[in-house]
2 protein chains.
Amino acid sequence: MIRKLESIFVLTDDERQALETLPMQVVAIKENQDLVRAGDRPSRSCLVLSGFACTYKMTVQGKRQIVSFNLPGDIPDLQSLHLRVLDNGISTISPCRVGFIRHEALRDICDRYPRIASAFWRETLIDASIFREWVLNVGQREAYTRMAHVLCELLTRLGAVGLTQDHSCNLPITQSEFADALGATTVHVNRVLQQMRADGLIELKGDRLNIPDWEKLKRVGEFDPTYLHLEDYQAAA
Amino acid sequence: MIRKLESIFVLTDDERQALETLPMQVVAIKENQDLVRAGDRPSRSCLVLSGFACTYKMTVQGKRQIVSFNLPGDIPDLQSLHLRVLDNGISTISPCRVGFIRHEALRDICDRYPRIASAFWRETLIDASIFREWVLNVGQREAYTRMAHVLCELLTRLGAVGLTQDHSCNLPITQSEFADALGATTVHVNRVLQQMRADGLIELKGDRLNIPDWEKLKRVGEFDPTYLHLEDYQAAA
DNA sequence: CGAGATGTTGAGACATGTCAAGAATTGTGG
DNA sequence: CCACAATTCTTGACATGTCTCAACATCTCG
(Lines give C-alpha, C1' and ligand atoms only; values in the text may rest on other atoms or scores of the structure.)
Protein backbone atom coordinates (compact mmCIF):
# COMPACT_ATOMS: atom_id res chain seq x y z
CA MET A 1 0.00 0.00 0.00
CA ILE A 2 2.75 2.38 0.95
CA ARG A 3 4.40 1.60 -2.32
CA LYS A 4 1.24 2.47 -4.20
CA LEU A 5 0.76 5.72 -2.34
CA GLU A 6 4.40 6.54 -2.65
CA SER A 7 4.17 6.42 -6.39
CA ILE A 8 1.55 9.14 -6.38
CA PHE A 9 3.45 11.70 -4.37
CA VAL A 10 6.53 11.91 -2.21
CA LEU A 11 5.70 10.99 1.34
CA THR A 12 7.12 13.07 4.13
CA ASP A 13 8.89 11.19 6.88
CA ASP A 14 5.92 11.78 9.12
CA GLU A 15 3.47 10.41 6.60
CA ARG A 16 5.57 7.36 5.90
CA GLN A 17 5.98 6.76 9.59
CA ALA A 18 2.25 7.01 10.13
CA LEU A 19 1.52 4.56 7.33
CA GLU A 20 4.13 2.09 8.42
CA THR A 21 2.89 2.00 11.96
CA LEU A 22 -0.74 1.78 10.96
CA PRO A 23 -1.99 -1.00 13.22
CA MET A 24 -3.01 -3.94 11.10
CA GLN A 25 -4.04 -7.47 11.85
CA VAL A 26 -2.40 -9.72 9.30
CA VAL A 27 -4.13 -13.00 8.52
CA ALA A 28 -3.46 -15.80 6.05
CA ILE A 29 -6.61 -16.92 4.30
CA LYS A 30 -7.35 -19.85 2.04
CA GLU A 31 -8.83 -19.49 -1.42
CA ASN A 32 -12.57 -19.05 -1.92
CA GLN A 33 -13.16 -17.55 1.50
CA ASP A 34 -15.33 -14.50 2.00
CA LEU A 35 -13.49 -11.63 3.61
CA VAL A 36 -16.75 -9.75 3.96
CA ARG A 37 -20.31 -10.23 2.77
CA ALA A 38 -22.98 -7.99 1.36
CA GLY A 39 -24.98 -6.61 4.24
CA ASP A 40 -22.03 -6.47 6.63
CA ARG A 41 -21.37 -3.30 8.57
CA PRO A 42 -17.66 -3.65 8.97
CA SER A 43 -15.55 -1.67 11.40
CA ARG A 44 -12.37 -2.34 9.50
CA SER A 45 -11.12 -2.50 5.95
CA CYS A 46 -8.92 -5.12 4.39
CA LEU A 47 -5.67 -4.60 2.57
CA VAL A 48 -4.67 -7.38 0.22
CA LEU A 49 -1.02 -8.11 0.94
CA SER A 50 -0.59 -11.08 -1.35
CA GLY A 51 -2.78 -13.27 -3.50
CA PHE A 52 -5.84 -12.52 -5.59
CA ALA A 53 -9.28 -11.61 -4.35
CA CYS A 54 -12.43 -10.36 -6.02
CA THR A 55 -15.34 -8.07 -5.34
CA TYR A 56 -18.64 -9.62 -6.33
CA LYS A 57 -22.37 -9.23 -6.21
CA MET A 58 -25.08 -11.85 -6.40
CA THR A 59 -28.31 -11.92 -8.33
CA VAL A 60 -31.52 -12.95 -6.60
CA GLN A 61 -31.31 -16.16 -8.58
CA GLY A 62 -27.86 -16.84 -7.23
CA LYS A 63 -25.77 -15.82 -10.22
CA ARG A 64 -22.49 -14.22 -9.31
CA GLN A 65 -20.97 -11.20 -10.99
CA ILE A 66 -17.39 -10.39 -10.18
CA VAL A 67 -17.13 -6.63 -10.46
CA SER A 68 -13.40 -6.39 -9.94
CA PHE A 69 -10.30 -8.32 -9.18
CA ASN A 70 -8.38 -7.23 -6.12
CA LEU A 71 -4.62 -7.44 -6.38
CA PRO A 72 -1.88 -6.98 -3.81
CA GLY A 73 -1.88 -3.40 -2.58
CA ASP A 74 -5.62 -2.97 -3.04
CA ILE A 75 -8.01 -2.06 -0.26
CA PRO A 76 -11.20 -3.39 -1.80
CA ASP A 77 -13.55 -2.20 0.91
CA LEU A 78 -12.05 1.16 1.70
CA GLN A 79 -15.50 2.50 0.86
CA SER A 80 -16.87 1.03 4.08
CA LEU A 81 -15.10 3.89 5.83
CA HIS A 82 -17.94 6.13 4.66
CA LEU A 83 -20.75 3.77 3.69
CA ARG A 84 -22.29 1.94 6.59
CA VAL A 85 -23.59 -1.12 4.79
CA LEU A 86 -21.56 -3.16 2.35
CA ASP A 87 -23.43 -3.87 -0.85
CA ASN A 88 -20.99 -6.43 -2.15
CA GLY A 89 -19.02 -9.40 -1.02
CA ILE A 90 -15.28 -9.82 -1.21
CA SER A 91 -13.81 -13.25 -1.58
CA THR A 92 -10.34 -14.62 -1.99
CA ILE A 93 -9.56 -16.30 -5.28
CA SER A 94 -6.18 -17.71 -4.33
CA PRO A 95 -4.68 -18.06 -0.86
CA CYS A 96 -4.09 -14.55 0.44
CA ARG A 97 -2.42 -12.62 3.15
CA VAL A 98 -4.78 -9.90 4.24
CA GLY A 99 -4.26 -6.99 6.62
CA PHE A 100 -7.29 -5.80 8.51
CA ILE A 101 -7.17 -2.14 9.48
CA ARG A 102 -9.67 -0.65 11.88
CA HIS A 103 -11.70 2.26 10.64
CA GLU A 104 -10.71 4.31 13.66
CA ALA A 105 -7.09 3.96 12.66
CA LEU A 106 -7.88 4.97 9.10
CA ARG A 107 -9.98 7.92 10.19
CA ASP A 108 -7.26 8.99 12.53
CA ILE A 109 -4.57 8.95 9.88
CA CYS A 110 -6.87 10.76 7.45
CA ASP A 111 -7.54 13.47 10.01
CA ARG A 112 -3.90 13.97 10.74
CA TYR A 113 -2.54 13.70 7.20
CA PRO A 114 -4.86 15.31 4.67
CA ARG A 115 -2.67 14.25 1.78
CA ILE A 116 -3.08 10.64 2.80
CA ALA A 117 -6.82 11.17 3.00
CA SER A 118 -6.76 12.55 -0.52
CA ALA A 119 -4.71 9.61 -1.70
CA PHE A 120 -7.22 7.19 -0.20
CA TRP A 121 -10.06 9.09 -1.78
CA ARG A 122 -8.21 8.90 -5.05
CA GLU A 123 -7.84 5.13 -4.74
CA THR A 124 -11.60 4.77 -4.41
CA LEU A 125 -12.06 7.01 -7.43
CA ILE A 126 -9.84 4.75 -9.48
CA ASP A 127 -11.91 1.81 -8.35
CA ALA A 128 -14.98 3.63 -9.60
CA SER A 129 -13.25 4.30 -12.89
CA ILE A 130 -12.53 0.61 -13.26
CA PHE A 131 -16.18 -0.21 -12.59
CA ARG A 132 -17.21 2.19 -15.32
CA GLU A 133 -14.89 0.49 -17.75
CA TRP A 134 -16.35 -2.86 -16.76
CA VAL A 135 -19.86 -1.66 -17.44
CA LEU A 136 -18.68 -0.71 -20.90
CA ASN A 137 -16.84 -3.98 -21.30
CA VAL A 138 -19.73 -6.16 -20.25
CA GLY A 139 -22.35 -4.04 -21.94
CA GLN A 140 -20.86 -3.41 -25.36
CA ARG A 141 -18.11 -5.83 -26.22
CA GLU A 142 -18.41 -9.43 -27.26
CA ALA A 143 -16.87 -12.12 -25.17
CA TYR A 144 -13.63 -12.43 -27.10
CA THR A 145 -12.83 -8.73 -26.87
CA ARG A 146 -14.05 -8.65 -23.31
CA MET A 147 -11.70 -11.41 -22.29
CA ALA A 148 -8.76 -9.74 -24.00
CA HIS A 149 -9.61 -6.52 -22.24
CA VAL A 150 -9.72 -8.07 -18.80
CA LEU A 151 -6.41 -9.79 -19.40
CA CYS A 152 -4.87 -6.48 -20.45
CA GLU A 153 -6.17 -4.84 -17.32
CA LEU A 154 -4.85 -7.58 -15.09
CA LEU A 155 -1.42 -7.54 -16.67
CA THR A 156 -1.21 -3.78 -16.48
CA ARG A 157 -2.28 -3.60 -12.88
CA LEU A 158 0.00 -6.46 -11.90
CA GLY A 159 2.82 -4.69 -13.68
CA ALA A 160 2.15 -1.54 -11.69
CA VAL A 161 2.86 -3.43 -8.46
CA GLY A 162 5.80 -5.33 -9.84
CA LEU A 163 4.13 -8.70 -10.27
CA THR A 164 4.88 -9.27 -13.93
CA GLN A 165 7.98 -10.56 -15.63
CA ASP A 166 8.20 -9.19 -19.12
CA HIS A 167 4.68 -9.85 -20.36
CA SER A 168 3.88 -12.84 -18.24
CA CYS A 169 2.53 -13.28 -14.78
CA ASN A 170 0.98 -15.61 -12.29
CA LEU A 171 -2.74 -15.76 -12.75
CA PRO A 172 -4.54 -18.04 -10.32
CA ILE A 173 -7.92 -17.33 -11.86
CA THR A 174 -10.21 -20.13 -12.85
CA GLN A 175 -12.19 -20.21 -16.07
CA SER A 176 -15.39 -20.18 -14.10
CA GLU A 177 -14.15 -17.10 -12.23
CA PHE A 178 -13.44 -15.41 -15.53
CA ALA A 179 -16.94 -16.38 -16.56
CA ASP A 180 -18.38 -14.62 -13.53
CA ALA A 181 -16.26 -11.58 -14.29
CA LEU A 182 -17.24 -11.40 -17.94
CA GLY A 183 -20.90 -12.13 -17.45
CA ALA A 184 -20.48 -15.24 -19.56
CA THR A 185 -20.62 -18.98 -19.18
CA THR A 186 -17.75 -21.24 -18.22
CA VAL A 187 -18.29 -23.11 -21.45
CA HIS A 188 -18.12 -19.97 -23.47
CA VAL A 189 -15.05 -18.67 -21.67
CA ASN A 190 -13.38 -21.97 -22.38
CA ARG A 191 -14.07 -21.61 -26.08
CA VAL A 192 -12.96 -18.02 -26.16
CA LEU A 193 -9.70 -18.88 -24.44
CA GLN A 194 -9.03 -21.68 -26.86
CA GLN A 195 -9.65 -19.34 -29.75
CA MET A 196 -7.28 -16.82 -28.24
CA ARG A 197 -4.63 -19.50 -27.87
CA ALA A 198 -5.18 -20.57 -31.45
CA ASP A 199 -4.84 -16.95 -32.55
CA GLY A 200 -1.53 -16.68 -30.72
CA LEU A 201 -2.87 -14.00 -28.42
CA ILE A 202 -2.13 -15.73 -25.15
CA GLU A 203 -0.26 -18.64 -23.66
CA LEU A 204 -2.21 -19.75 -20.66
CA LYS A 205 -1.43 -22.91 -18.77
CA GLY A 206 -2.37 -23.51 -15.20
CA ASP A 207 -1.53 -20.41 -13.18
CA ARG A 208 0.81 -19.04 -15.77
CA LEU A 209 -0.10 -16.42 -18.36
CA ASN A 210 2.23 -15.22 -21.06
CA ILE A 211 1.45 -12.63 -23.71
CA PRO A 212 3.49 -13.20 -26.85
CA ASP A 213 2.34 -10.00 -28.51
CA TRP A 214 1.27 -7.32 -26.10
CA GLU A 215 0.43 -4.70 -28.68
CA LYS A 216 -1.81 -7.14 -30.48
CA LEU A 217 -3.64 -8.13 -27.33
CA LYS A 218 -4.20 -4.49 -26.48
CA ARG A 219 -5.58 -3.88 -29.94
CA VAL A 220 -7.88 -6.86 -29.82
CA GLY A 221 -9.05 -5.96 -26.31
CA GLU A 222 -9.55 -2.30 -27.23
CA PHE A 223 -7.40 -1.58 -24.22
CA ASP A 224 -6.56 1.99 -23.35
CA PRO A 225 -5.11 2.15 -19.84
CA THR A 226 -6.19 5.73 -19.21
CA TYR A 227 -8.98 4.57 -16.95
CA LEU A 228 -6.48 3.00 -14.56
CA HIS A 229 -5.03 6.45 -13.91
CA LEU A 230 -1.49 5.27 -13.65
CA GLU A 231 -0.24 8.37 -15.41
CA ASP A 232 0.72 10.03 -12.15
CA TYR A 233 2.53 6.92 -11.00
CA GLN A 234 4.58 7.02 -14.15
CA ALA A 235 5.09 10.73 -13.86
CA ALA A 236 6.49 10.09 -10.41
CA ALA A 237 8.69 7.25 -11.59
CA MET B 1 -26.67 19.73 -3.66
CA ILE B 2 -27.05 21.37 -0.30
CA ARG B 3 -30.27 19.52 0.11
CA LYS B 4 -28.56 16.23 -0.58
CA LEU B 5 -25.73 16.89 1.83
CA GLU B 6 -28.13 18.17 4.41
CA SER B 7 -29.93 14.90 4.45
CA ILE B 8 -26.74 13.11 5.45
CA PHE B 9 -25.90 15.22 8.46
CA VAL B 10 -26.91 18.45 10.05
CA LEU B 11 -24.93 21.30 8.58
CA THR B 12 -23.58 23.94 10.89
CA ASP B 13 -24.35 27.51 9.95
CA ASP B 14 -20.78 27.92 8.77
CA GLU B 15 -20.94 24.88 6.57
CA ARG B 16 -24.24 25.89 5.06
CA GLN B 17 -22.96 29.38 4.49
CA ALA B 18 -19.86 28.02 2.76
CA LEU B 19 -21.90 25.79 0.50
CA GLU B 20 -24.40 28.45 -0.39
CA THR B 21 -21.74 30.93 -1.34
CA LEU B 22 -19.74 28.41 -3.32
CA PRO B 23 -19.00 30.32 -6.50
CA MET B 24 -20.72 28.63 -9.39
CA GLN B 25 -21.28 29.50 -12.99
CA VAL B 26 -24.81 28.55 -13.91
CA VAL B 27 -25.50 27.73 -17.53
CA ALA B 28 -28.55 26.50 -19.42
CA ILE B 29 -27.68 23.74 -21.86
CA LYS B 30 -29.68 22.03 -24.57
CA GLU B 31 -30.21 18.31 -24.76
CA ASN B 32 -27.54 16.04 -26.21
CA GLN B 33 -24.67 18.38 -25.49
CA ASP B 34 -21.42 17.16 -24.02
CA LEU B 35 -20.59 18.82 -20.74
CA VAL B 36 -17.16 17.20 -20.80
CA ARG B 37 -15.45 14.60 -22.94
CA ALA B 38 -13.17 11.68 -22.27
CA GLY B 39 -9.62 12.94 -22.30
CA ASP B 40 -10.47 16.35 -20.88
CA ARG B 41 -8.45 17.68 -17.96
CA PRO B 42 -11.12 19.83 -16.41
CA SER B 43 -10.45 22.51 -13.83
CA ARG B 44 -14.03 22.52 -12.65
CA SER B 45 -16.81 20.09 -11.87
CA CYS B 46 -20.42 20.33 -12.88
CA LEU B 47 -23.44 20.19 -10.66
CA VAL B 48 -26.67 19.21 -12.36
CA LEU B 49 -29.27 21.70 -11.18
CA SER B 50 -32.15 20.56 -13.35
CA GLY B 51 -32.70 18.11 -16.18
CA PHE B 52 -31.20 14.73 -16.93
CA ALA B 53 -27.64 13.98 -17.98
CA CYS B 54 -25.64 10.81 -18.38
CA THR B 55 -22.12 9.54 -17.96
CA TYR B 56 -20.98 7.45 -20.87
CA LYS B 57 -18.04 5.72 -22.46
CA MET B 58 -17.43 4.81 -26.08
CA THR B 59 -16.12 1.65 -27.63
CA VAL B 60 -13.42 1.83 -30.29
CA GLN B 61 -16.12 0.87 -32.77
CA GLY B 62 -18.21 3.79 -31.71
CA LYS B 63 -20.74 2.01 -29.54
CA ARG B 64 -21.88 4.03 -26.57
CA GLN B 65 -22.41 2.68 -23.08
CA ILE B 66 -24.20 4.90 -20.62
CA VAL B 67 -22.74 4.02 -17.23
CA SER B 68 -25.06 6.16 -15.17
CA PHE B 69 -27.83 8.68 -15.32
CA ASN B 70 -27.14 11.99 -13.64
CA LEU B 71 -30.08 13.58 -11.90
CA PRO B 72 -30.54 16.98 -10.32
CA GLY B 73 -28.24 17.30 -7.33
CA ASP B 74 -25.56 15.05 -8.82
CA ILE B 75 -21.99 16.13 -9.46
CA PRO B 76 -21.11 13.58 -12.10
CA ASP B 77 -17.47 14.56 -12.48
CA LEU B 78 -16.59 15.24 -8.89
CA GLN B 79 -13.88 12.64 -9.43
CA SER B 80 -11.93 15.04 -11.61
CA LEU B 81 -10.99 16.78 -8.40
CA HIS B 82 -8.47 13.99 -7.82
CA LEU B 83 -8.06 12.32 -11.21
CA ARG B 84 -6.33 14.46 -13.78
CA VAL B 85 -7.75 12.93 -16.92
CA LEU B 86 -11.42 12.21 -17.47
CA ASP B 87 -12.02 8.73 -18.79
CA ASN B 88 -15.66 9.27 -19.66
CA GLY B 89 -17.90 11.79 -21.29
CA ILE B 90 -20.89 13.47 -19.73
CA SER B 91 -23.75 14.54 -21.90
CA THR B 92 -27.10 16.11 -21.28
CA ILE B 93 -30.13 14.00 -22.09
CA SER B 94 -32.75 16.70 -21.67
CA PRO B 95 -32.23 20.46 -21.48
CA CYS B 96 -30.35 21.13 -18.25
CA ARG B 97 -29.27 23.84 -15.94
CA VAL B 98 -25.74 23.13 -14.87
CA GLY B 99 -23.54 24.82 -12.30
CA PHE B 100 -19.83 24.78 -12.95
CA ILE B 101 -17.70 24.92 -9.82
CA ARG B 102 -13.97 25.49 -10.00
CA HIS B 103 -11.77 22.88 -8.43
CA GLU B 104 -9.98 25.49 -6.38
CA ALA B 105 -13.26 26.42 -4.79
CA LEU B 106 -14.03 22.79 -4.06
CA ARG B 107 -10.55 22.15 -2.65
CA ASP B 108 -10.84 25.20 -0.53
CA ILE B 109 -14.16 24.21 1.00
CA CYS B 110 -12.87 20.67 1.56
CA ASP B 111 -9.82 22.01 3.37
CA ARG B 112 -11.84 24.24 5.59
CA TYR B 113 -14.73 21.89 6.30
CA PRO B 114 -13.60 18.30 6.72
CA ARG B 115 -17.13 17.08 7.12
CA ILE B 116 -18.02 18.48 3.73
CA ALA B 117 -14.97 16.78 2.26
CA SER B 118 -16.16 13.51 3.75
CA ALA B 119 -19.62 14.06 2.34
CA PHE B 120 -18.18 14.66 -1.12
CA TRP B 121 -16.05 11.56 -0.80
CA ARG B 122 -19.13 9.68 0.20
CA GLU B 123 -21.00 10.90 -2.86
CA THR B 124 -18.29 9.48 -5.10
CA LEU B 125 -18.45 6.21 -3.17
CA ILE B 126 -22.15 5.97 -3.83
CA ASP B 127 -21.47 6.56 -7.51
CA ALA B 128 -19.03 3.66 -7.40
CA SER B 129 -21.63 1.53 -5.70
CA ILE B 130 -24.08 2.29 -8.48
CA PHE B 131 -21.50 1.32 -11.08
CA ARG B 132 -21.02 -2.00 -9.33
CA GLU B 133 -24.72 -2.64 -9.45
CA TRP B 134 -24.75 -1.79 -13.13
CA VAL B 135 -21.99 -4.27 -13.83
CA LEU B 136 -24.15 -6.89 -12.16
CA ASN B 137 -27.23 -5.70 -13.99
CA VAL B 138 -25.66 -5.70 -17.43
CA GLY B 139 -23.62 -8.82 -16.80
CA GLN B 140 -26.14 -11.16 -15.25
CA ARG B 141 -29.70 -10.12 -15.86
CA GLU B 142 -31.71 -10.44 -18.99
CA ALA B 143 -33.02 -7.37 -20.70
CA TYR B 144 -36.50 -7.43 -19.19
CA THR B 145 -35.22 -7.62 -15.63
CA ARG B 146 -32.48 -5.15 -16.42
CA MET B 147 -34.95 -2.59 -17.69
CA ALA B 148 -37.15 -3.02 -14.64
CA HIS B 149 -34.11 -2.57 -12.43
CA VAL B 150 -33.01 0.65 -14.09
CA LEU B 151 -36.53 2.05 -13.84
CA CYS B 152 -36.60 1.20 -10.15
CA GLU B 153 -33.30 2.94 -9.62
CA LEU B 154 -34.42 6.03 -11.47
CA LEU B 155 -37.66 6.28 -9.60
CA THR B 156 -35.96 5.78 -6.26
CA ARG B 157 -33.26 8.33 -6.93
CA LEU B 158 -35.74 10.82 -8.29
CA GLY B 159 -37.86 10.27 -5.22
CA ALA B 160 -34.88 11.02 -3.00
CA VAL B 161 -34.64 14.50 -4.49
CA GLY B 162 -38.38 15.09 -4.54
CA LEU B 163 -38.96 14.63 -8.25
CA THR B 164 -41.64 11.97 -8.08
CA GLN B 165 -45.35 12.24 -7.51
CA ASP B 166 -46.63 9.07 -5.95
CA HIS B 167 -45.04 6.47 -8.20
CA SER B 168 -44.77 8.53 -11.33
CA CYS B 169 -42.23 10.95 -12.65
CA ASN B 170 -40.97 12.84 -15.64
CA LEU B 171 -38.58 10.70 -17.61
CA PRO B 172 -37.12 12.41 -20.67
CA ILE B 173 -35.14 9.34 -21.65
CA THR B 174 -35.30 7.97 -25.15
CA GLN B 175 -35.54 4.29 -25.96
CA SER B 176 -32.22 4.47 -27.70
CA GLU B 177 -30.71 6.02 -24.58
CA PHE B 178 -32.11 3.19 -22.52
CA ALA B 179 -30.59 0.85 -25.04
CA ASP B 180 -27.17 2.41 -24.48
CA ALA B 181 -27.64 2.14 -20.75
CA LEU B 182 -28.73 -1.48 -20.82
CA GLY B 183 -26.19 -2.65 -23.34
CA ALA B 184 -29.04 -3.63 -25.63
CA THR B 185 -30.49 -2.63 -28.95
CA THR B 186 -33.12 0.02 -29.50
CA VAL B 187 -35.27 -2.60 -31.15
CA HIS B 188 -34.96 -4.90 -28.21
CA VAL B 189 -35.63 -2.17 -25.68
CA ASN B 190 -38.74 -1.31 -27.61
CA ARG B 191 -39.98 -4.87 -27.39
CA VAL B 192 -39.14 -5.16 -23.74
CA LEU B 193 -41.00 -1.97 -22.94
CA GLN B 194 -44.04 -3.14 -24.83
CA GLN B 195 -43.98 -6.38 -22.93
CA MET B 196 -43.72 -4.50 -19.66
CA ARG B 197 -46.70 -2.37 -20.65
CA ALA B 198 -48.64 -5.47 -21.57
CA ASP B 199 -47.74 -7.00 -18.22
CA GLY B 200 -49.07 -3.92 -16.45
CA LEU B 201 -45.66 -3.15 -14.99
CA ILE B 202 -45.35 0.36 -16.34
CA GLU B 203 -47.28 3.12 -18.00
CA LEU B 204 -44.88 5.00 -20.18
CA LYS B 205 -45.96 7.62 -22.66
CA GLY B 206 -43.72 10.37 -23.90
CA ASP B 207 -41.85 11.85 -20.96
CA ARG B 208 -44.22 10.47 -18.41
CA LEU B 209 -43.66 7.29 -16.41
CA ASN B 210 -46.14 5.81 -14.00
CA ILE B 211 -45.72 2.66 -11.97
CA PRO B 212 -49.06 1.04 -11.21
CA ASP B 213 -47.57 -1.58 -8.89
CA TRP B 214 -44.31 -0.55 -7.32
CA GLU B 215 -43.79 -3.71 -5.31
CA LYS B 216 -44.25 -5.80 -8.41
CA LEU B 217 -41.78 -3.77 -10.42
CA LYS B 218 -39.23 -4.05 -7.63
CA ARG B 219 -39.72 -7.79 -7.56
CA VAL B 220 -39.39 -8.17 -11.29
CA GLY B 221 -36.34 -5.90 -11.36
CA GLU B 222 -34.72 -7.67 -8.41
CA PHE B 223 -34.40 -4.22 -6.94
CA ASP B 224 -32.87 -3.82 -3.50
CA PRO B 225 -32.06 -0.15 -2.90
CA THR B 226 -29.28 -0.86 -0.43
CA TYR B 227 -26.66 0.01 -3.00
CA LEU B 228 -27.99 3.56 -3.26
CA HIS B 229 -27.08 4.09 0.39
CA LEU B 230 -30.05 6.22 1.15
CA GLU B 231 -30.39 4.70 4.58
CA ASP B 232 -28.67 7.62 6.24
CA TYR B 233 -30.85 10.07 4.40
CA GLN B 234 -33.88 8.31 5.76
CA ALA B 235 -32.37 8.08 9.19
CA ALA B 236 -31.94 11.83 9.11
CA ALA B 237 -35.48 12.43 7.90
C1' DC C 1 -4.58 -43.99 -6.02
C1' DG C 2 -8.83 -41.82 -5.84
C1' DA C 3 -11.83 -37.76 -5.35
C1' DG C 4 -12.99 -33.33 -6.33
C1' DA C 5 -12.08 -29.44 -8.93
C1' DT C 6 -11.16 -27.72 -13.39
C1' DG C 7 -11.07 -27.88 -18.26
C1' DT C 8 -13.07 -29.62 -22.93
C1' DT C 9 -16.45 -31.02 -26.39
C1' DG C 10 -20.88 -31.47 -29.00
C1' DA C 11 -25.70 -30.60 -30.15
C1' DG C 12 -29.50 -27.98 -29.81
C1' DA C 13 -32.16 -23.87 -27.83
C1' DC C 14 -32.91 -19.08 -26.98
C1' DA C 15 -32.07 -14.22 -26.09
C1' DT C 16 -30.72 -10.66 -28.50
C1' DG C 17 -28.73 -8.45 -32.67
C1' DT C 18 -29.21 -6.88 -37.59
C1' DC C 19 -31.41 -4.90 -41.32
C1' DA C 20 -34.94 -2.53 -43.33
C1' DA C 21 -39.13 -0.15 -43.67
C1' DG C 22 -43.00 2.23 -42.25
C1' DA C 23 -45.83 4.81 -38.40
C1' DA C 24 -46.14 8.15 -34.95
C1' DT C 25 -44.52 12.08 -32.65
C1' DT C 26 -42.11 16.34 -32.03
C1' DG C 27 -40.14 20.56 -33.27
C1' DT C 28 -39.72 24.47 -36.49
C1' DG C 29 -40.07 27.88 -40.01
C1' DG C 30 -43.21 30.08 -43.03
C1' DC D 1 -51.51 27.13 -37.35
C1' DC D 2 -50.09 24.27 -40.98
C1' DA D 3 -46.54 21.61 -43.39
C1' DC D 4 -42.43 19.54 -43.52
C1' DA D 5 -38.27 17.50 -41.51
C1' DA D 6 -36.23 15.09 -38.06
C1' DT D 7 -36.49 12.22 -34.34
C1' DT D 8 -38.44 8.52 -32.07
C1' DC D 9 -41.05 4.47 -32.01
C1' DT D 10 -42.76 0.07 -33.99
C1' DT D 11 -42.83 -4.13 -36.65
C1' DG D 12 -41.22 -8.29 -39.28
C1' DA D 13 -37.91 -11.65 -40.90
C1' DC D 14 -33.74 -13.51 -40.25
C1' DA D 15 -28.85 -14.08 -38.33
C1' DT D 16 -25.83 -15.06 -34.55
C1' DG D 17 -23.60 -14.90 -30.04
C1' DT D 18 -24.09 -17.14 -26.11
C1' DC D 19 -26.45 -20.47 -23.05
C1' DT D 20 -27.93 -25.06 -21.54
C1' DC D 21 -27.29 -29.62 -20.75
C1' DA D 22 -24.70 -33.43 -20.45
C1' DA D 23 -20.82 -36.17 -20.91
C1' DC D 24 -16.05 -36.90 -20.69
C1' DA D 25 -11.01 -35.67 -19.98
C1' DT D 26 -7.55 -33.79 -17.27
C1' DC D 27 -5.34 -31.99 -13.40
C1' DT D 28 -4.29 -31.41 -8.40
C1' DC D 29 -3.42 -32.95 -4.13
C1' DG D 30 -4.11 -35.51 0.18
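The values are calculated or read from the model by the stated rules, or taken from the named source; none is laboratory data. Remember, it's a predicted structure, so these values are computed and weren't measured experimentally. Backbone-built Cβ (ideal geometry, glycine too); neighbour counts: all protein chains shown. Surface accessibility is based on the protein's heavy atoms, side chains included, excluding ligands, DNA and RNA. Shrake-Rupley method; radii C 1.70, N 1.55, O 1.52, S 1.80 Å.
Taking the chain by itself as reference, region A:124-142 contains these residues with an accessible-area loss of 50 Å² or more in the full protein complex (1.4 Å probe, heavy atoms): A:L125, A:F131, A:R132, A:V135, A:L136, A:Q140. With each label modelled as a point 7 angstrom along the Cα→C-beta vector, the A:R191-A:D34 pair spans 3.4 nm. Rolling a 1.4 Å probe across all protein chains gives B:R37 an accessible area of roughly 140 Å². When chains A and B come together, the accessible area they lose, probed at 1.4 Å and totalled over both chains, is close to 4300 Å². As a fraction of the 1.4 Å probe accessible area of chain A, surface on carbon and sulfur atoms comes out at 47 percent. Angle of helix A:114-140 to the longest C-alpha principal axis of chain A, folded into 0 to 90 degrees and rounded to 10: 20°.
Per-residue surface analysis assigns A:S176 an accessible area of about 50 Å², computed on protein heavy atoms at 1.4 Å probe radius.
Solvent exposure of B:V26, expressed as accessible area, is near 80 Å², computed with a probe of 1.4 Å over the protein chains only.
Averaged over A:57-66, how many beta carbons belonging to a partner chain fall within 10 Å of each residue's beta carbon? Don't jump to the answer; show the numbers that get you there.
Details: counts 8, 2, 7, 8, 4, 0, 4, 3, 9, 3.
Neighbouring Cβ atoms belonging to other protein chains average 5 per residue here.
Measure up A:K4/A:K63; B:K63/B:K218; A:K30/B:K218 against 31 Å on the Cα-Cα distance and list the ones that go over. With Cα atoms farther than 31 Å apart: A:K4/A:K63; A:K30/B:K218.
Between the helical axis of A:186-198 and the longest alpha-carbon principal axis of chain A there is an angle of about 70 degrees.
Cα centroid separation, region A:198-212 to region B:168-237: 42 Å.
For region A:70-91, a decrease in accessible area of 30 Å² or greater in the assembled protein chains relative to the isolated chain, with a 1.4 Å probe, applies to A:Q79, A:H82, A:L83, A:R84, A:V85, A:D87. The accessible-area ordering, largest first, of the residues B:D224, A:D111, B:D127 stands as A:D111, B:D224, B:D127, per a 1.4 angstrom probe. Rolling a 1.4 Å probe over the heavy atoms of the protein chains gives the protein assembly as shown an accessible area of 41 Å² per residue. In this rough spin-label picture, where each label sits 7 Å from Cα along the Cβ direction, the B:T174-B:R112 distance is 4.3 nm. Each part gets one Cα centre, and for region A:21-98 versus region A:107-149 those centres are 15 Å apart.
Mind checking the angle between helix A:103-112 and chain A's longest principal axis? C-alpha axes, 0 to 90 degrees, to the nearest 10. That works out to roughly 70 degrees. At an R0 of 25 angstrom, the distance between the Cβ atoms of A:R16 and A:S43 translates into a FRET efficiency of 0.45.
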